[in-house]
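Visitor: Take this structure first; my questions come after.
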Amino acid sequence: MNVHDSEKIAGIFSEAGLQHAGELKEAGVVVLNTCSIREKAEQKFYSELGRLKSLKKKNPDLKIAVAGCIAQQKGNSLFKRFPYVDFVFGPNNIDSVQQWIKTSNGERQAAGGKQSTTHDARRSSALQDNPEYHTKILPMKREGRVRAWVSIMYGCNNFCAYCVVPYTRGRERSRPVEDICHEVRALSQQGYKEITLLGQNVNSYGKNINNSGDLTFLLEKIHEIDGIERIRFVTSHPRDLSERLIDAMRDLPKLCDHLHLPIQSGSDKILTLMNRGYTYAEYRKKIDSLRNAVPDIAVTTDIITGFPGETDADFEMTMNALSEIKYDGIFAFKYSKRPETRALDLPDHVDEQTKSRRLSRILGLQESITFEKNRALEGKIFDILVEGISETNPDTLTGRTSTNKIVNFCGDKGDIGKLIKIKILEAKQHSLFGEKMINVQ
Ligand code: 5AD
Ligand code: SF4
């Protein structure tokens with residue numbers, strides 16, 4: 001979500017005629033697009049801001065903007081703590097950058113290139129509720145040429161007890177179907193082959209629009225767009241994952257065989273405390289139904305260890321869930337206290353050491369499951385959408401299976417952007433290595 005927001009911010013600067021600086025010290029403007037999902041992300045921001053402070057000492061004309069969830073949450077108080085920050089804007093006010101650029105340009109012109117006003121007077125922020133944000137069409141400077149992100153909704157109404165998102169990104173708002181389809185059509189004309197629809201809880205897409213279709217309806221519409229060969233969507237909420245969507249995953253060939261379905265915990269007691277709205281048995285039933293409909297589907301998940309009240313027995317239930325479900329991959333995190341969230345007030349917070357120990361056990365178990373699953377793919381042939389040159393080995397190309405597994409192989413640059421058949425030769429821990437099949441249709 002944040003990476004895509006950065007593409008929007010960069011798009012606005014591009015449209016205003018500004019270019020990406022090759023190096024930080026050459027930049028005239030720096031935007032820090034922040035994340036506050038866990039404390040670690042927040043700490044990263046503070047240390048980055050410290051680096052910028054010394055840069056601004058050397059170049060007082062440098063403009064520093066803070067965007068994203070920390071900006072939304074800390075608001076104008078950031079100016080007090082960090083007086084060298086010029087502009088603060090929240091995730092639902094990205095369009096305000098257009099105005100900020102205009103104002104800053106105006107100031108510069110009025111002062112003949114010199115600073116016109118005192119630093120204090122030039123500081124501004126855009127943090128207010130922006131009820132029309134979901135109807136805005138923003139320019140974008142996308143990072144890739146083959147795969148593109150497309151926002152379909154903003155915000156979240158779920159208030160999971162640990163999560164800061166509803167406080168920073170606000171209430172759920174869906175973009176109109178026509179706007180989304182228009183964007184996807186344009187992407188197809190630009191040569192993009194795969195799109196990933198983005199939202200905090202995509203399964204409730206359309207709920208805030210009168211007479212609108214749901215996510216399945218939207219997927220059917222996008223499916224009709226020529227040139228787009230693969231469609232993905234994140235993130236699904238287990239409670240709202242419908243049979244109708246599962247049927248669509250079976251019936252619409254462009255929908256990729258992968259679902260990210262965060263479970264968070266295998267203990268019903270913890271799931272209730274988290275306010276997740278499902279039990280482990282209900283979650284399992286959805287996975288079974290998904291696997292019945294799409295037998296080779298890859299399923300990935302998110303897990304939190306050491307949520308307040310999690311006992312050893314609760315934790316073992318999560319370990320058991322991993323062994324039973326056998327995910328293709330997981331993202332696991334230690335519970336992190338977030339401002340305003342309900343979990344702060346829960347009793348029996350778990351100590352850091354226990355959280356870490358549980359996290360390593362979870363990761364250790366999953367490593368062996370992932371590897372075992374990858375090994376089972378050796379010798380098989382898959383359609384790979386080739387994305388580009390591998391970052392880890394410039395002599396190889398990289399792409400993904402429909403199930404979202406990374407595959408590296410030797411090929412030529414002409415393959416980039418194409419769907420080609422690859423035979424898997426070797427499974428690695430986090431990727432697969434394969435060879436291009438010649439004369440296979
Ligand atoms: N602590 C730890 N993990 C968290 N997540 C969200 N909030 C927290 C938190 N306070 C995790 C959840 C979510 C993923 C995006 O981040 O697992 O699914
Ligand atoms: Fe956070 Fe829960 Fe909303 Fe996901 S569904 S963004 S975890 S509140």
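The values are calculated or read from the model by the stated rules, or taken from the named source; none is laboratory data. In this text the structure is predicted, and so the values were computed from the model without any measurement. Cβ coordinates were reconstructed from backbone atoms using ideal geometry, including for glycine residues, and neighbour counts include every protein chain displayed. Accessible surface is based on the protein model in full, side chains and every heavy atom, while ligands, DNA and RNA are left aside. Shrake-Rupley method; radii C 1.70, N 1.55, O 1.52, S 1.80 Å.
Visitor: For helix 312-325, report the angle its Cα long axis makes with the longest principal axis of the Cα atoms of the chain; keep it between 0 and 90° and round to the nearest 10°.
Guide: 70 degrees
Visitor: So for each of 2-9, 291-298 I average, over its residues, the number of other beta carbons within 10 Å; can you give me the resulting order with the highest mean first? List each step's numbers first, then the result.
Guide: On the way: 2-9: 17.8, 291-298: 15.0.
Most protected by this proxy first, the peptides run 2-9, 291-298.
Visitor: Distance between Cα centroids, the stretch 374-402 to the stretch 410-441: provide it in whole Å.
Guide: For the stretch 374-402 versus the stretch 410-441, the Cα centre distance is 5 Å.
Visitor: Name the residue, out of His182, His134, His223, whose mean-square fluctuation peaks in a Gaussian network model built on the chain with Cα pairs under 10 Å.
Guide: Fluctuation is largest for His182.
Visitor: Per 0.36 nm of contour for each residue apart, how much would the distance between Phe331 and Arg171 grow if the chain were fully extended, relative to their Cα-Cα spacing?
Guide: Values: separation 160, 0.36 × 160 = 57.60 nm, distance 2.52 nm.
Fully extending the segment from Phe331 to Arg171 adds 55.1 nm.
Visitor: Which whole number of Å³ per residue matches the convex hull of the alpha-carbon atoms in the stretch 289-343? Present the calculation step by step, with values, prior to reporting the outcome.
Guide: Values: hull volume 6.0 nm³, N = 55.
So the per-residue Cα hull volume is 110 Å³.
Visitor: Could you give the spread of the C-alpha atoms of the chain along their three principal axes, from largest to smallest, in whole angstroms?
Guide: Extents along the principal axes: 67, 59, 48 Å.
Visitor: Starting from the Cα of Glu352, step 7 Å along the direction of its Cβ; do the same at Arg51; then give the gap between the two resulting points in nm.
Guide: Spacing of the two 7 Å Cα→Cβ label points: 2.3 nm.
Visitor: For a 26 Å ceiling on Cα separation, which of these pairs sit above it: Lys254/Lys405; Lys141/Lys423; Lys40/Lys102; Lys8/Lys286; Lys40/Lys418?
Guide: Listed pairs above 26 Å: Lys141/Lys423; Lys40/Lys102; Lys8/Lys286; Lys40/Lys418.
Visitor: Once the Cα atoms of helix 96-110 and of the chain are each reduced to a long axis, what angle between those two axes, in degrees from 0 to 90 to the nearest 10, is obtained?
Guide: Approximately 30 degrees, to the nearest ten.
Visitor: Here is a further query. Please give me the summed charge of the neighbours of Ala281: other residues whose Cβ is under 12 Å from its Cβ, Lys and Arg +1, Asp and Glu -1.
Guide: That sum, taken over residues with Cβ under 12 Å, equals -1.
Visitor: Please list 327-335, 418-426 highest first by mean number of surrounding beta-carbon atoms within 10 Å per residue.
Guide: On the way: 327-335: 19.0, 418-426: 17.2.
The packing order, highest mean first, is 327-335, 418-426.
Visitor: I'd like the FRET efficiency for Asn393 and Ser242, computed as 1/(1 + (r/R0)^6) with the beta carbon distance as r and R0 of 41 Å, rounded to 0.05. Walk me through the intermediate numbers first.
Guide: Numbers: r = 42 Å, r/R0 = 1.01.
For R0 = 41 Å, the calculated efficiency reads 0.50.
Visitor: So what does Leu290 come to for accessible area, using a 1.4 Å probe and Å² rounded to 10?
Guide: That residue has around 0 Å² of solvent-accessible surface.
Visitor: Do the alpha carbons of any pairs in Lys337/Lys373; Lys221/Lys373; Lys373/Lys428 sit beyond 22 Å of each other, and which pairs?
Guide: Working: Lys337/Lys373 34 Å; Lys221/Lys373 33 Å; Lys373/Lys428 11 Å.
Among Lys337/Lys373; Lys221/Lys373; Lys373/Lys428, the Cα-Cα distance tops 22 Å for Lys337/Lys373; Lys221/Lys373.
Visitor: Would you kindly compute the Cα radius of gyration of the stretch 202-266 and its largest Cα-Cα separation (Dmax), both in Å?
Guide: 12.4, 41
Visitor: Show me the ranking of peptides 384-391, 140-147 by mean Cβ neighbours inside 10 Å, starting with the highest. Display every interim value, and only then the final one.
Guide: On the way: 384-391: 18.6, 140-147: 16.6.
Descending mean neighbour count gives 384-391, 140-147.
Visitor: Let me ask something else about it. What's the angle, to the nearest 10 degrees (0 to 90), between helix 352-375's Cα axis and the longest principal axis of the chain?
Guide: Approximately 50 degrees, to the nearest ten.
Visitor: Hey, could you get me the Stokes-Einstein D for the stretch 156-304, Kirkwood radius over alpha-carbon pairs, 10 °C and 1.306 mPa s, rounded to whole µm² s⁻¹? Write down the numbers at each step before the final one.
Guide: Numbers: Rh = 16.3 Å.
It comes out at roughly 98 µm²/s.
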